[in-house]
């Protein structure tokens, strides 16, 4: 099964695509970020995210999408723009016919490390180990998206 994980953001949206075999072993297919210019308006930035993510989905052919849920932020303006980027990612996934799953940061940390309050470095190292990579995926947004996809693969296994 091929899964795309999304770490939502308006300035930088992380994505990570993994392939999970019938034994549950995950391997890296692709990963990276979609960047939007700070000086563009929200509508243009969201359109860029939608178009680029639609292309990534079409090229990589995932069947499921795992999206990180919002974690309440002190900055309401930032939370609103991240929520908009999340919505755009979900619509891109639905239009491509993907099954959509959502996970909180706590759920993702729990799935990968067994500890819901794991530090970012611990999470990144677990992504590297689980995917059998030489180095931690960069930038952080990509590693976070891969962690979300891995969390989904582990959750999916427990449901079957």
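The values are calculated or read from the model by the stated rules, or taken from the named source; none is laboratory data. This one's a predicted model, so the numbers in the text were calculated from it and none came from an experiment. Counting neighbours? That spans all protein chains shown, and the Cβs are built from the backbone with ideal geometry, glycine included.
For residue 81, state whether it is farther than 26 Å from residue 49 by Cα, modelled with pLDDT under 95 and either buried (at least 18 other Cβ atoms within 10 Å of the Cβ) or touching a helix residue (DSSP H, G or I) at 6+ places or on another chain (Cβ under 9 Å) (or both).
No.
Here is a yes/no grid of residues against (1) closer than 14 Å to residue 149 by Cα; (2) surrounded by fewer than 17 Cβ atoms within 10 Å (Cβ to Cβ); (3) in contact (Cβ under 8 Å) with a residue 40 or more places away in the chain:
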residue	(1), (2), (3)
28	yes, no, yes
48	no, no, no
51	no, yes, no
104	yes, yes, no
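Which number in (1) assigned to a helix (DSSP H, G or I); (2) out of contact with any strand residue (DSSP E or B) (no Cβ under 8 Å at 6 or more places or on another chain); (3) surrounded by fewer than 15 Cβ atoms within 10 Å (Cβ to Cβ) marks the one condition that residue 71 misses?
Just one mismatch for residue 71, condition (1).
Every residue, every condition in (1) more than 19 Å from residue 19 (Cβ to Cβ); (2) in contact with a helix residue (DSSP H, G or I) (Cβ under 8 Å, 6 or more places away or on another chain); (3) surrounded by 12 or more Cβ atoms within 10 Å (Cβ to Cβ), yes or no:
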site	(1), (2), (3)
75	yes, no, no
93	no, yes, yes
100	no, yes, yes
114	yes, no, no
124	yes, yes, yes
140	yes, yes, yes
143	no, yes, yes
151	no, yes, yes
154	no, yes, yes
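Within segment 10-26, restricting attention to residues that are outside any strand (DSSP E or B) and at negative phi, which residue is surrounded by the most Cβ atoms within 10 Å (Cβ to Cβ)? Reasoning before the result, please.
Going through segment 10-26, the residues outside any strand (DSSP E or B) turn out to be 10-11, 21-25.
Checking the rest, the ones that are also at negative phi come to 10-11, 21-23, 25.
Working: 10: 23, 11: 17, 21: 9, 22: 7, 23: 6, 25: 13.
Across segment 10-26, the extreme among qualifying residues is 10.
Hey, residue 138 hits all of (1) over 18 Å from residue 12 (Cβ atoms); (2) assigned to a loop (DSSP other than H, G, I, E, B) but one; which does it fall short on?
(1)
Restrict the check to segment 13-23 and report whether at least one residue is free of Cβ contacts under 8 Å to residues at least 12 places away in the same chain and farther than 20 Å from residue 154 by Cα. If you could, list the steps in order and put the result at the bottom.
The first filter runs over segment 13-23 and keeps only residues free of Cβ contacts under 8 Å to residues at least 12 places away in the same chain, leaving 21-23.
Next cut, farther than 20 Å from residue 154 by Cα only: none.
No: zero hits.
Which one of these does residue 89 not meet: (1) touching a strand residue (DSSP E or B) at 6+ places or on another chain (Cβ under 8 Å); (2) on the phi < 0 side of the Ramachandran plot; (3) surrounded by fewer than 20 Cβ atoms within 10 Å (Cβ to Cβ)?
Status for residue 89: all satisfied but (3).
Consider residue 97 against the criteria (1) modelled with pLDDT of 95 or more; (2) in a loop (DSSP other than H, G, I, E, B); (3) over 16 Å from residue 53 (Cβ atoms): it satisfies all of them except one. Which criterion is unmet?
With respect to (1) modelled with pLDDT of 95 or more; (2) in a loop (DSSP other than H, G, I, E, B); (3) over 16 Å from residue 53 (Cβ atoms), residue 97 is out only on (3).
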